[in-house]
Protein chains: 2
Amino acid sequence: MKDVRKGYIRPLDLRQGRVDMTHGSGGRAMAQLIEELFARRLGNAYLGQGNDAAVLPMPPGRLVLSTDAHVVSPLFFPGGDIGCLAVHGTINDVAVMGARPLYLAASFILEEGFPLGDLARIVESMARAASDAGVPVATGDTKVVEQGKGDGVYITTTGAGVVAEGADYAGDRARAGDRILVSGSIAEHGMAIMAQRESLGFAANIVSDTAALHGLIAAMRASGAAIRVLRDPTRGGVATTLNEIARQSGVGMMLQESALPVQPEVAAACEFLGLDPLYVANEGKLLAIVAPQDCDALLAAMQAHPLGRRAAVIGSVHQDAQHFVQMTTTFGGRRIVDWLSGEQLPRIC
Amino acid sequence: MKDVRKGYIRPLDLRQGRVDMTHGSGGRAMAQLIEELFARRLGNAYLGQGNDAAVLPMPPGRLVLSTDAHVVSPLFFPGGDIGCLAVHGTINDVAVMGARPLYLAASFILEEGFPLGDLARIVESMARAASDAGVPVATGDTKVVEQGKGDGVYITTTGAGVVAEGADYAGDRARAGDRILVSGSIAEHGMAIMAQRESLGFAANIVSDTAALHGLIAAMRASGAAIRVLRDPTRGGVATTLNEIARQSGVGMMLQESALPVQPEVAAACEFLGLDPLYVANEGKLLAIVAPQDCDALLAAMQAHPLGRRAAVIGSVHQDAQHFVQMTTTFGGRRIVDWLSGEQLPRIC
């Protein structure tokens, strides 16, 4: 990022100031925004290099790269905001590959007129999440678009990590007989957003589960269990993620509805809005598929970690040429947990 | 990226179809968009892994990471479009660090209602640029926002490269006595965009210079010249980039106006619009600062490359505690080439 020639302009007004088009055009106003608002909060030695790219130490291993645009609406929600969400989501996408997340890159698309104070709050939340996770924002970019061409702020984060030869938890490794685990109660991120959007009073206590999962994954790996697949069930929820894995691995799956951890207020809000928690986004949960003989050991390792306390075995993998994900319902019936064809929750992350 | 369960839905209609909210919500419509529109064009073994992150071979060395949001308007312009621009811009940010660009990550923010045919053209252009440059798009993400919350398509590209220990062309290495070179005629990208926006008939022949510069940089490095600094003068143009370098290195600079390569139609369009070509964005040019004794060798190496044929020595570095960039004008006067305080050209890249 660039620095600014100090003393030439007044400090940014974080109380009353707003983003304007000058903040995106490469001149002094942009340099000031980057220095006073971004670098001051996200500051680290890599960002401080002040070039358009960061040069970073890289341990030996394969590079893991993941990118996600974050367009969540509203920007602030119970349990988090777009800033920490953008950090957690990308760290998780890197971590579920078995990789150690090392660095983040962050690009901001700001809408003209967006309050600088809100932007500062978002960047602070991002900085805190990155610092807590030990994964610095090493490089960034800022663009400004006219009012009516954005929605406050969009953030794309890209994560880089390193994975040793041999670690492989990709979606194509599930086998018949494997067990399916989830790290905790589901649908909380999506329902926190929906409760806020729909002003559901009775659901005001639902809090997003947004969290970085690399610590939990490290604990799971340390258990020595033969983990086949790791994946974080974000957009589309548990149902979509399991369908993807079933397809990639060429297997079928059978879930037990009674085993699915769902908090009562989340279940109530889902019912009220006609949503199925299986399809609602999570931002701090993971699905693990594990060899049957290691299921208990893995479950114990997950439950021993603060982010896995409510972990549960929710189903198993079997042969199925059609790659169906099915569920035994609490009433003893069976239904297919299909792909969702279209939209359930727009702009949830 | 994800794959789709074939045969369940009709193929995408690239002639009449438009982006709708279902294309961003993680279900089958999104999987179809990714498979039929993105993966088919950008396809490579890494994207084909089908996970939320790509696992990539990494040669030994330091990691170079750079990210850029692309919000250029209009999306299609003489000489290019947002797709190839997003590839070139990020490759160049990695390459000017002396690194070999290895991989790209691409995240798309699509506006509801955007024609799928236009999106396909953009992705094709991106694929061609990536393939020509030998830098695959290894992973990606797609989000959709409501009409009026975007502007067709925004693309954030992140580049990962590798740089050997010792290669260092960062902005803080310029020293008094060094020479400043530019790889060709300036201000073409910005003026191609402006000519289209302002419907300047007489400037309709101006074509963006968008290009990937890593080949040129490899040729420059092979010359053995003691290159101090490399930088691509994009947003804010040559003037802003040189001010940044002057500040980072703690030096002053003196340019020769008569030495600046500017095509006559670009100069005319700038004059008509009241713009100074020194501040207008380039997307296929670089600035190099080199030790004086190696200036001729570097210039020759640049001019021997197709992207450096019009390379020129445009000034020199000297001591200046105030870090001013100045210019000797064609009339023999001197003026300060200051930072631009605000906006010159919004949404130029």
*Is it the case that some residue within the range B:64-72 is over 20 Å from B:Gly161 (Cα atoms), of a type outside the set (S, T, N, Q) and without any contact (Cβ under 8 Å) to a residue 24 or more places away in the chain?*
no
*Applying the selection to the range B:129-147, what residues are touching a residue at least 12 places away in the same chain (Cβ under 8 Å) and open to solvent by 30 Å² or more (accessible area, probe 1.4 Å)?*
B:Asp132, B:Pro136, B:Glu146, B:Gln147
*Which one of these does A:Phe77 not meet: (1) aromatic (Phe, Trp, Tyr); (2) more than 9 Å from every other protein chain (Cβ to nearest Cβ); (3) closer than 21 Å to B:Val162 by Cα?*
(3)
*Could you tell me whether any residue of the range B:160-174 is open to solvent by 10 Å² or more (accessible area, probe 1.4 Å) and of a type in the set (Val, Ile, Thr)?*
yes
_Residue selected from the range B:89-102 under the condition of a type outside the set (A, V, I, L, M) and out of contact with any Gly (no Cβ under 7 Å at 6 or more places or on another chain), by the criterion farthest from B:Arg197 (Cα to Cα)_ = B:Gly98
_Yes/no for A:Leu242 being open to solvent by 10 Å² or more (accessible area, probe 1.4 Å), within 13 Å of another protein chain (Cβ to nearest Cβ) and not hydroxyl-bearing (Ser, Thr, Tyr)_ = no
*Mind checking which strands (runs of 3 or more DSSP E) fall wholly inside the range B:252-349 and carry at least 1 residues that are within 14 Å of chain A (Cβ to nearest Cβ) and over 24 Å from the mean Cα position of the chain (by Cα)?*
B:252-256, B:334-336
*buried (at least 21 other Cβ atoms within 10 Å of the Cβ) and at pLDDT 95 or above: does that describe A:Arg235?*
no
*asked:* I'd like the full set of residues that are modelled with pLDDT of 90 or more and either of a type outside the set (A, V, I, L, M, F, W, C) or open to solvent by 60 Å² or more (accessible area, probe 1.4 Å) (or both), limited to the range B:2-13.
replied: B:Pro11, B:Asp13
*Filter the range A:100-128 down to the residues that are closer than 30 Å to A:Ala164 by Cα and open to solvent by 10 Å² or more (accessible area, probe 1.4 Å), then identify the one that is farthest from the other protein chains (Cβ to nearest Cβ).*
A:Arg128
*Answer with yes or no whether A:Leu200 is away from chain B (no Cβ under 13 Å), touching a residue at least 24 places away in the same chain (Cβ under 8 Å) and under 15 Å from the mean Cα position of the chain (by Cα).*
no
_For B:Ser208, only one of the following conditions fails: (1) within 14 Å of chain A (Cβ to nearest Cβ); (2) farther than 21 Å from B:Ala301 by Cβ. What is its number?_
(1)
*All positions within the range A:146-186 that are within 7 Å of chain B (Cβ to nearest Cβ), assigned to a strand (DSSP E or B) and in contact with a Ser or Thr (Cβ under 8 Å, 6 or more places away or on another chain)*: A:Thr156, A:Thr158
*Residue under evaluation A:Val262, criteria (1) open to solvent by less than 10 Å² (accessible area, probe 1.4 Å); (2) hydrophobic (A, V, I, L, M, F, W, C); (3) more than 18 Å from B:Ala53 (Cβ to Cβ), criterion not met*: (1)
*Could you tell me whether the range B:99-111 includes any residue that is within 16 Å of the chain's Cα centre (by Cα), at pLDDT 95 or above and farther than 20 Å from B:Leu42 by Cα?*
yes
_Close pairs (8 angstrom Cβ cut-off, 6 or more residues apart or separate chains): in contact (Cβ under 8 Å) with a residue 24 or more places away in the chain in the range B:31-47, open to solvent by 40 Å² or more (accessible area, probe 1.4 Å) and assigned to a helix (DSSP H, G or I) anywhere_ = B:Ala39/B:Gly48; B:Arg41/B:Glu124
*Please tell me if B:Ala86 is among the hydrophobic types (A, V, I, L, M, F, W, C) and closer than 26 Å to B:Asp172 by Cα.*
no
*Determine which member of the set B:His305, B:His323 is under 26 Å from A:Arg10 (Cα atoms) and assigned by TED's automatic domain parsing to the domain that holds B:Ile186.*
B:His323
*asked:* Which residue is least open to solvent (accessible area, probe 1.4 Å), if the candidates are limited to the range B:36-70 and must be closer than 22 Å to A:Ala174 by Cα and more than 7 Å from every other protein chain (Cβ to nearest Cβ)?
replied: B:Leu47
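The values are calculated or read from the model by the stated rules, or taken from the named source; none is laboratory data. The structure presented is a predicted model; accordingly, all values stated were derived computationally and were not measured. Cβ sites come from the backbone with ideal geometry, for glycine too, and all protein chains shown count toward neighbours. Accessible surface is based on the protein model in full, side chains and every heavy atom, while ligands, DNA and RNA are left aside. Shrake-Rupley method; radii C 1.70, N 1.55, O 1.52, S 1.80 Å.
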